[in-house]
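Below is one structure, written out as structure tokens; comments come after it.
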Amino acid sequence: MHPNDTTRTDRHDEVGSILSAASTRRLFILGSLALLAGCTTTRTSQDLPGVIWTKGATAPKARPTPSGMPVDDRGVIGRSTWAKGNPIPANMNRMVPVKRITVHHDGMDAFTSTSRSAAAARLERIRRSHLSRGPQKWGDIGYHYAIDPAGRVWECRPLTWQGAHVKNQNPGNLGILVMGNYDRQQVTVVQKKAIDAFISSKMRQYGVGRRDLHTHQELAPTACPGRSLQGFMVQARSSGTFG
Ligand SMILES: [Zn+2]
């Protein structure tokens with residue numbers, strides 16, 4: 001069990017117990033939702049990332065700019081440019097200081113468009129799917145940032161809030177989505193550069209070492225982030241690219 005896990009009944013446990021007693025129809029509905037969006041739902045409900053409810057968590061001390069985004073996020077496209085709804089604080093926990101980073105893909109259809117509007121629409125599709133997931137509602141899209149096929153970086157769930165992207169391992173875990181399905185497409189050169197640059201900047205910002213840079217499948221039984229992206233991450237990390 002991860003040190004961050006507690007005996008407190010968390011959201012995921014509740015989801016699991018409800019699922020165990022659920023009807024086939026409910027499982028079918030959840031399965032259908034899983035196909036709509038989300039790296040974490042390509043298999044069974046057990047892959048649903050949990051949201052751990054803890055008390056007394058404090059937000060990281062971000063250095064705000066006039067726009068409200070951390071200084072280090074200059075060049076990142078703001079959440080307000082794509083999201084058609086605000087985060088719901090009641091359904092989220094405060095983030096604790098970042099100590100690890102986890103990389104995902106969205107696992108939907110292949111996505112190679114370099115259109116800004118297409119990326120914005122896909123993020124909104126994922127956000128809506130996450131908000132409607134499970135018997136209990138989520139507070140926002142589960143990831144903190146997303147990188148699109150053109151190498152743009154998008155703000156997702158504000159870092160004020162803990163993400164929801166790895167079951168039982170969300171506290172202090174920065175969630176980065178690489179948009180697309182990397183079992184069905186290849187990571188492009190421009191994406192590799194963007195992934196390296198952005199993740200390296202976050203590792204420096206938070207003092208995260210390479211040993212604490214993960215992919216989803218390194219923390220949980222899932223195909224995420226797909227073969228191509230997994231291969232890139234393993235190679236790049238071992239060759240000292242990140243940091
Ligand atoms: Zn994932």
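Rule-based calculations on the coordinates, nothing more; no lab input. What you see is a predicted model; the values in this text were computed from it and never measured. Note that each Cβ is placed from the backbone with ideal geometry, even for glycine, and that neighbours are counted across all protein chains shown.
Among Tyr145, Tyr182, a tally of other beta-carbon atoms within 10 Å of each Cβ gives an order, fewest to most, of Tyr145, Tyr182. The Arg204 and Arg116 beta-carbon pair, evaluated with R₀ = 45 Å, returns a calculated FRET efficiency of approximately 0.95. Other residues lying with their Cβ under 12 Å from the Cβ of Ala150 contribute a combined charge of +2, Lys and Arg counting +1, Asp and Glu -1. The Cβ shell under 12 Å around Ala194 holds other residues with a net charge of +1, Lys and Arg each +1, Asp and Glu each -1. An ellipsoid equivalent to the range 129-243, defined through the eigenvalues of its Cα gyration tensor, has semi-axes of 22, 16, 14 Å when rounded to whole angstrom and sorted largest first. Between the amide H of Thr215 and those of Val103, distances stay under 5 Å, these residues lying 5 or more places away or on another chain, with hydrogens modeled in the peptide plane.
Each residue in Arg116, Arg227, Arg79 was given a count of other beta-carbon atoms within 10 angstrom of its own, and listing them fewest first yields Arg227, Arg116, Arg79. Sorting Ser239, Ser228 by the number of Cβ atoms found within 10 Å of their own Cβ, with the fewest placed first, yields Ser239, Ser228.
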